[in-house]
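Q: Take a look at this one; I'll ask things after.
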Protein chains: 2
Amino acid sequence: MQALPGFRDFYPEDCARRNHVIETWRSVSRRYGFLEFDGPVLESTDLYRKKNEEGAEILEQLYSFADRGGREVALRPEMTPTLARMVAAREKHYRKPMKWFCVSNFFRHERQQKGRLREFLQFNADIIGESSPQADAEIIALAVDLMRAFGFTAEHFVVRLSDRKAWMEFLQSRGCDEAACRTVLACADKLEREPAEKLNAKLAPTGLVVDDLKAFIAAGSPGAFAPVLEALAARGLSGFVQPDLSIVRGLAYYTGVVFEIFDRSKSLRALAGGGRYDGLIKGLSDGAIDLPAIGFGMGDVVLGHLINETPSASEKLKAALAQTSDVYVIIADESRRAEALQIVQTCRELGLSTDFSLRPAKIGKQFQEAEHLGACHAVLVGQEWPQVKLKHLATRSEEAIDHAALVPNLKNIKLR
Amino acid sequence: MQALPGFRDFYPEDCARRNHVIETWRSVSRRYGFLEFDGPVLESTDLYRKKNEEGAEILEQLYSFADRGGREVALRPEMTPTLARMVAAREKHYRKPMKWFCVSNFFRHERQQKGRLREFLQFNADIIGESSPQADAEIIALAVDLMRAFGFTAEHFVVRLSDRKAWMEFLQSRGCDEAACRTVLACADKLEREPAEKLNAKLAPTGLVVDDLKAFIAAGSPGAFAPVLEALAARGLSGFVQPDLSIVRGLAYYTGVVFEIFDRSKSLRALAGGGRYDGLIKGLSDGAIDLPAIGFGMGDVVLGHLINETPSASEKLKAALAQTSDVYVIIADESRRAEALQIVQTCRELGLSTDFSLRPAKIGKQFQEAEHLGACHAVLVGQEWPQVKLKHLATRSEEAIDHAALVPNLKNIKLR
């Protein structure tokens, strides 16, 4: 029996990789002063229906069902609705702006393809309660520094920065109503992937053609990002960011700056994406809470591909995974097992990662196991008791000491 | 809108508590040489049907549904079937014994009651491929040291140790067949909770009465645990363990040592439980893989109640949560925001948790925010540029230094 298609088993080596990604996300976010939160895996299906239009892709891919109590429930496909729900319920408890992040698993019934799984991990970060471009720059700087913490440089990735407001102003100047705006943005999102002919057919009711969209993108909108770019320049991060109005993001709710991170060779899907959504919390709370917000998500699947393809990132991962065991206690004389167990316990109480053989085994086999585990030291317990041997496995140097003198010696190991 | 009943929102303060529990589980397991693994949240429903008899409580509480592809799938209610599936698929890759743990979320459609939620976290640890009592002692020692790491002592909890084998020998000596054994064990599991009259009615077909069970429990079975107790004594852990044949565990698959951890006042449900299940992997792999195994689980819900009720554990939690921010950069002169941003970036690149105001604010308000965040140092950037003030917030001592001299000073902060 296997895992379901699109779902993953995390064997210890996979789990260590996953934890490296999670720990990198966490440590950089904490440096940025973001606080971690999380929500339930299962939510009321209504929470997702409310935010999305009928027929939206995210609803089509929802794992939704009736529970034993007859409630319509769904496995979370994204975090923003949960975040908006939580913020609306308790926002008065928190100083603004709220800088929150989470590392959670999400579920979408996707067609099987590279970079897409049905259960995936995603990092999300949001700044809630601050509308200034300083918040936009803070969130983009976090995205850049996350990528750098994985070992990527400006050679490997770029943040493509766009502005929904510039798009809306352009479209309104061309007489587009709300429905036409939605159509145009959906087409702009597919400019790189679908042929012009097909897009022109979709654009027909809007009075625009693909070339109009391309002209708008090419002209740029110098004013829109100026303060964001300036704040990023002050941080020394200009080299990672590129204004690019061809980025529009698929979702309807964005209201300002939007961005996506791509590998420089563009061989992969977006690594991260997000933007400003100043009306969403108000909408989801039926107008009760009105807070501006900006946020982004970064999944673990495409990121994992890029780590594999990028030597500097793979090496960083490899270094983080280097298996380290501190002590292996070798029982050279089975009649001394009780004494050996006492030493194992002492080592562990000192915080040392310590292992030993659960069954009688030849000394050579026990040393092999110590090397396999990458143990730094071996403690040999045998006929010389109360003397034991303390052996440094890399240098093969050893000394015989009284077992009572082990603790001070082990404390030094801990400080290594 | 709220979370579904039985599901939890983790606001930052809740999430920090949760992470403290997770990190404690992880760090002790690593000291014991256990490797972390995980599996998918969603599995084929068959995986759970296979292990459990028709009508078993765990199947009655399963979140099970048909996905968009028509597959019968279920939210995992426990880890053992996933573990057995993963081990059966790849056991040849791993040296024995395998010492694995996981920290995962599980789902059961439980009736609402204290200590029970519908989504909960659970730590699981298993030793696979070793049948000796040394493995039993290793897993029980891990359970004890997890509890101690939370700040509990022998005053607060006890491991009640029993043996399914002793029970089976007793029942066979009394002529019980397999069905009768199941009935008796189910009744033994409820001795403390259901009246004797009711249990005697259930026991009728087995030819035994409640008093027979009580007599067997009272007589004890001195031989059964001797090597386990001896190995625990060698580790200095005798004071945490108490042989007690009244523990039988609900599940059918246990074959040897079983145990549960309770708070000493018995005011709560079991904090952890597990045992030896030597036939389960063979059964789940249709006989392909035959490996002995022992494991246990510890959930976060009852544990959380006991932490709250126990001062030594609450204090340990509180110390772990003490909010620490390293640096708050105060922008005393808004025209120096770019310079301040550069300092923020430098601090973060040094690994310091650093924050600042995203909008112009009075100096006093910025200092307030720094104190609210528990920042250790403030860096004041203003008209004196290129001089800045470095202020230690606890002692209120401050010095004016050139901004270029900040880095060496900040490196010292990091070492504090």
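None of the figures in this text is laboratory data; all of them are computed from the coordinates on show. Remember, predicted model here, so these are calculated numbers, not experimental data. When we count neighbours, we look across all protein chains shown, and the Cβ atoms used for this are built from the backbone with ideal geometry, even at glycine.
Q: Using the crude model of +1 on Lys and Arg Cβ and -1 on Asp and Glu Cβ, and no other charge, please compute the dipole size for segment A:1-101 relative to its Cα centre, in debye to 20.
A: The calculation lands at about 740 debye.
Q: Which of B:ALA143, B:ALA125, B:GLN113 sits closest to the plus end of the dipole of segment B:102-147, meaning its Cα is farthest towards the positive end, when Lys and Arg get +1 and Asp and Glu get -1 on the C-beta?
A: B:GLN113
Q: OK, next. Quick one: compute a quarter of the convex hull surface over the Cα atoms of segment A:324-415 and quote it in nm².
A: Computing the convex hull of the Cα atoms and averaging its projections yields 5.2 nm².
Q: Now a separate question. So how strong a dipole does segment A:324-415 carry about its Cα centre when Lys and Arg Cβ are +1 and Asp and Glu Cβ are -1, to the nearest 20 debye? Before the final figure, lay out the partial values.
A: Details: 11 positive and 12 negative charges, 27 e Å.
With Lys and Arg at +1 and Asp and Glu at -1, about 140 debye.
Q: Evaluated at 37 °C with a viscosity of 0.692 mPa s, what Stokes-Einstein diffusion coefficient in µm²/s does segment B:1-92 have when Rh comes from the Kirkwood expression over alpha-carbon pairs?
A: 204 µm²/s
Q: Next question, about the same structure. Could you pull out the GluC sites (Glu not before Pro) across segment B:23-105 that fall in loop regions by DSSP (anything but H, G, I, E, B) with no more than 16 other Cβ atoms inside 10 Å?
A: B:GLU53, B:GLU54
Q: Between the DSSP loop rule and a limit of at most 13 other Cβ atoms within 10 Å, which trypsin sites (Lys or Arg not before Pro) in segment B:249-291 are left?
A: Answer by residue number: B:ARG264, B:LYS266.
Q: Between A:ALA319 and B:HIS305, what FRET efficiency follows from the Cβ-Cβ distance if R0 is 45 Å, with the result rounded to 0.05?
A: 0.65
Q: OK, next. Taking the Cα centroid of segment A:245-262 and of segment B:98-155, what is the distance between the two, rounded to the nearest whole Å?
A: 44 Å
Q: How many angstrom lie between the Cα centre of segment B:7-53 and the Cα centre of segment A:184-236?
A: When both Cα centres are located, 44 Å separates them.
Q: Report the extension gain between A:ALA288 and A:SER265 in nm, rounded to one decimal, defined as 0.36 nm multiplied by the number of residues separating them, less their alpha carbon distance. Numbers along the way, then the final one.
A: Details: separation 23, 0.36 × 23 = 8.28 nm, distance 4.48 nm.
Length gained between A:ALA288 and A:SER265: 3.8 nm.
Q: Return B:ARG164, B:ARG71, B:ARG18, B:ARG111 ranked ascending by Cβ neighbour count within 10 Å, so the fewest neighbours appear first. Don't skip to the answer; put the middle values down first.
A: Numbers: B:ARG164 23, B:ARG71 14, B:ARG18 17, B:ARG111 9.
Result, fewest neighbours first: B:ARG111, B:ARG71, B:ARG18, B:ARG164.
Q: Right, something else. Sorted from shortest, what are the nm distances separating the label point of A:SER335 from equivalent points in the other copies, each placed 7 Å from Cα along Cα to C-beta?
A: Once sorted, the set of distances for A:SER335 reads 8.7 nm.
Q: How far apart, in nm, are the 7 Å Cα→Cβ label points at B:ARG116 and A:GLN383?
A: 6.0 nm
Q: Using only helices, what value at 222 nm comes out for chain B when you add -39,500 (n - 2.57) per DSSP H run of length 4 or more and divide by the total residues, to the nearest 500 deg cm²/dmol?
A: For chain B, the value works out to -12000 deg cm²/dmol.
Q: A further question on this structure: State, to one decimal in nm², a quarter of the convex hull surface area for the C-alpha atoms of segment A:52-139, i.e. the direction-averaged projected area.
A: Convex hull of Cα atoms, orientation-averaged projection: 8.2 nm².
Q: Using +1 on the beta carbon of Lys and Arg, -1 on that of Asp and Glu, and nothing else charged, what's the dipole of the protein assembly as shown about the Cα centre, debye to 20? Working shown, then result.
A: Working: 110 positive and 112 negative charges, 86 e Å.
Charge dipole of the protein assembly as shown: 420 debye, to the nearest 20.
Q: Report the gain in length on full extension from A:ASP14 to A:GLN2: 0.36 nm times residue separation, minus Cα-Cα distance, nm rounded to one decimal.
A: Answer, rounded to one decimal: 2.7 nm.
Q: Still on this structure: Per residue of B:226-237, how many C-beta atoms from partner chains lie within 10 Å of its own C-beta, taken as a mean?
A: 3
Q: Full extension from A:LYS50 to A:HIS372: what is 0.36 nm times the residue separation minus their Cα-Cα distance, to one decimal in nm?
A: Result: 110.5 nm gained on full extension.
Q: Under a cut-off of 20 Å between alpha-carbon atoms, report the lysines in cross-link reach of A:LYS365, not counting same-chain residues fewer than 8 places apart.
A: Within reach: A:LYS389, A:LYS391, B:LYS92, B:LYS96, B:LYS99.
Q: Counting only DSSP beta bridges with both residues in segment B:323-415, tell me the antiparallel percent, nearest 5.
A: 50 percent
Q: A further question follows. Can you give the log10 of the normalised intensity I(q)/I(0) at q = 0.13 Å⁻¹, computed with Debye over equal Cα scatterers of chain B?
A: Taking Cα atoms of chain B as identical point scatterers yields -1.12.
Q: Right, another one. Between B:VAL407 and B:ARG95, with labels modelled 7 Å along Cα→Cβ, what's the label distance in nm to one decimal, could you check?
A: It is 4.4 nm.
Q: Still on this structure, please answer the following. Taking every eigenvalue of the Cα gyration tensor of the protein assembly as shown, multiplying by 5 and rooting it, what semi-axes result, largest first, whole Å?
A: Numbers: eigenvalues 530, 237, 123 Å².
The answer is 51, 34, 25 Å, longest axis first.
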